[in-house]
Amino acid sequence: MIDIRSLRDEDREAAAQIWATGGDAGAADLRERLVRELGHGWSAWLAWRDGMPVGFLAMQIEARRLDELYVLPGAHRTGVGTALFRFAEAHMPAGFWLRTRAADPRAAAFYERQGCRRGEVQRHPILGFDTVIYRWP
């Protein structure tokens, strides 16, 4: 069973470690960014399985944006990502948008399986790589 809980202060290290599996930055940098983003409107959650954190989700609900969704590699294809995505749907039932790295076909396939529509390609505003905008529904 997957349990999704609001991120607590003591969970920040686990969230940063899960987020770091995406390869964009190290856990220390992401831990600092997490604190900053939480102060700028993020709501964040961890997915737990058998008492262990296995997934991280961050959203800006008011802006209808899914910002981050990461699952530990050992938990890929076990339903964790889908559970987190369904959680986002429940919190933003009128729809939302997200961006993912254009060079990440696994993420693209995941979002398309969830019913997202592929949109335009844009440069990431901070990191400079190409991203694809997806919209749900």
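Things worth noting here:
- The stretch 2-136, relative contact order [Cα under 8 Å, separation at least 6], %: 18 percent
- The chain - charge dipole about Cα centre, Lys and Arg +1 at Cβ, Asp and Glu -1, debye rounded to 20: 460 debye
- Full extension of the chain segment joining Arg77 with Asp50 gains 8.1 nm, where the gain is 0.36 nm per residue of separation less the Cα-Cα distance.
- With Rh defined as the Kirkwood radius, the inverse of the mean 1/r over Cα pairs, the Rg/Rh of the chain is 0.93.
- Part-to-part distance (alpha-carbon centres) for the stretch 71-137 and the stretch 5-24, which is given in Å: 18 Å
- Label-to-label distance, Met1 versus Glu37, with points set 7 angstrom from Cα along the beta-carbon direction: 2.9 nm.
- Full-extension gain in nm, Ala109 to Leu127, via 0.36 nm per residue minus C-alpha separation: 4.2 nm
- His76 sits among other residues whose Cβ lies under 14 Å from its own Cβ, and their net charge, with Lys and Arg +1 and Asp and Glu -1, is +3.
Where a number appears in this text, it was derived from the coordinates with a stated rule and is not lab data. Since we're looking at a predicted model, the values are computed, not measured. As a convention, Cβ positions derive from the backbone with ideal geometry for all residues, glycine included, and neighbour counts pool all protein chains shown.
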